[in-house]
Amino acid sequence: MRAPTDRPQTAPPADTAAVRRHNLALVLRHIAAYGPCARTELAAATGLVHASVTGITAELIERGLVREVGSAATGGRGRPRRLLRVVPERVMAIAVQVTLERVEVMVGDLAGTVVHRVSEPHRAPYGSPRPLAVVIAREIERAAAVVAGHEGAHLARAVVAMAAPVTGPGHTVPAAIDFGWHRTDLRALVEEHLPSLACPVDVVNDANVAALAEYHARIAATRPSGEPPHTVAYIKADTGVGGGLLIDGRIHTGSRGMAGEIGHVPLALDGPECRCGARGCLALYVGPEALATAAGLADLAAADGLPAALTELDHRLRADDPTAVAVLTGAGRTLGAAVLAIWGLTDAGEVILGGYLATWGRWLLPGIAEALEGRRAVADRLEPAIVLGVLGGDATLHGALRISREATLDDPTTVPMA
């Protein structure tokens, strides 16, 4: 299994400040992954000289990121080794997930421990991003007050996960089809209503960060059984159908932030029109509206809302209702066609299913296997492993927290002296 300090690294930076940040990150990442550990272990693992490790750990302690937690015998006559571990509660982050109906908020520390959780309906009108930005800003402000109530906690950032592509360094949403938005600078709209917030606000694609969270959950569950696949694809369905692509454990967004948008890959050129401008997109066959309609639950969705229809579909599946089971088997075959497309383009070693695709994996997997049979007959044992996500509806929020965690580990100097 690849260790966190073994991640692909660029050439060491040239200027002194950049070298310092690089070395601080190297040491902090090792302690986060393998601590408690001694300074001698850090020197051996990172290749830094002992004097440098001593200075670096002293700075990490000053910033409140690391503390000494006792000692361990050396096995000889030398002095006991002082052990160091990360102080997870020193740094907290705010994760926000935007769905069609609600704003979900989670506050967590460096270890992913959740200290605050709230879910609020936003009632934002279709086609207008500003009212939703106001709600997001309000919930971030409330979450920041929770962090302020934890003595010594530093608020690292707020990460807003949107069900839409996010492009460029400006975190622009080029289009949010399900929300009726055109090109929108969501971060600027949110920050406009947070004049006193003292941390950065990031806007990210919800499926990308969910993919990251499920990837790490998978590593934690299988460690130390071997190296994770070089390329992992993720397909999820909840608000809509989205996906993500990970290469060597890092989100791959492509040239314009569109990589992994599997929900809008056309599977039938003569299929129904999609709001994205294409025809026959995957979302039109395995999206929530499509499944509810195919199962005869369109009237329930119209009367009581789509979540109620999906809950009823779940009840029918678990009661082995033949219509519901047939709908999911057919959706599995369609999903299998999408897996074939992903496999052909990326050679993904693993495809993780998330959202209700994971919840209903029992009924989807037979259809997926059926779709893969023909390719398997000519390319045996080359197909990706199909695995079910384990984080459920919380994958996006945990992924957003991980984005903040990675940013802190990459640059510990963003955390002030304690």
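Observations
- When the chain is treated as a Gaussian network with alpha carbon springs shorter than 10 Å, the biggest mean-square fluctuation among VAL146, VAL190, VAL49 belongs to VAL49.
- Inter-part distance where segment 175-241 and segment 94-139 are each reduced to a Cα centre, Å: 13
- Note on ARG142 and ASP410: the model spin-label points, each 7 Å out from Cα along the C-beta direction, lie 3.1 nm apart.
- Formal net charge of residues neighbouring GLY349 (Cβ-Cβ distance under 13 Å; K, R +1; D, E -1): -3
- Carbon and sulfur %, accessible surface of segment 41-161 computed with the full protein complex present, 1.4 Å: 51
- Candidates ALA210, ALA158, ALA45: whichever shows maximal mean-square fluctuation once the chain is modelled as a Gaussian network with Cα springs under 10 Å: ALA45
- Taking the chain as a Gaussian network of alpha-carbon nodes connected by springs under 10 Å, the highest mean-square fluctuation of the residues ALA379, ALA292, ALA337 belongs to ALA379.
- Charging the Cβ of each Asp and Glu at -1 and of each Lys and Arg at +1, and nothing else, the dipole of the chain about its Cα centre rounds to 1480 debye.
- Cα pair count fraction exceeding 23 Å, expressed as % - segment 237-348: 36
- Note that the chain presents 45 Å² accessible area per residue, ligands and nucleic acids not counted, probe 1.4 Å.
- Nearest-20 debye value, segment 127-268 charge dipole, Cβ charges on Lys, Arg, Asp, Glu: 100
- Anisotropy class of segment 99-202 from Cα gyration tensor, a/c 1.5 cut: prolate
- The residues ILE342, ILE177, sorted by heavy-atom accessible surface at 1.4 Å with ligands and nucleic acids left out, run ILE177, ILE342 from largest to smallest.
- With Cα atoms, 0 to 90° folded angle of helix 395-410 axis to the chain main axis: 30
- Residue (of ALA337, LEU313, PRO272) at the positive-pole extreme of segment 268-418, dipole from beta-carbon charges: ALA337
- Rolling a 1.4 angstrom probe over segment 238-315 with all protein chains present gives an accessible area of which 53% lies on carbon and sulfur atoms.
- Against the main long axis of the alpha-carbon atoms of the chain, helix 306-318 sits at an angle near 80°.
- Per principal axis, descending, Cα span of segment 154-242 in whole Å: 47, 35, 22
- Segment 259-291 versus segment 30-51: alpha-carbon centroid distance in Å: 49
- Rounded to the nearest 10 degrees, the angle from helix 322-346 to the longest Cα principal axis of the chain is 50 degrees.
- Dipole of the chain computed with +1 at Lys/Arg Cβ and -1 at Asp/Glu Cβ about the Cα centre; of ILE61, THR293, GLY249, farthest Cα towards the positive end is ILE61.
- Paramagnetic label zone (point 7 Å from Cα along Cα-to-C-beta, HIS182; backbone N under 15 Å) in segment 228-267: none
- Which of TYR285, TYR34, TYR356, TYR126 is most accessible, then next, and so on - probe 1.4 Å: TYR126, TYR34, TYR285, TYR356
The values are calculated or read from the model by the stated rules, or taken from the named source; none is laboratory data. Everything numeric in this text was worked out from a predicted model, so none of it was measured. Using ideal geometry, Cβ is built from the backbone for each residue, glycine included, and neighbour counts are taken over all protein chains shown. Calculation scope for accessible area: heavy atoms of the full protein, side chains included, ligands and nucleic acids excluded. Shrake-Rupley method; radii C 1.70, N 1.55, O 1.52, S 1.80 Å.
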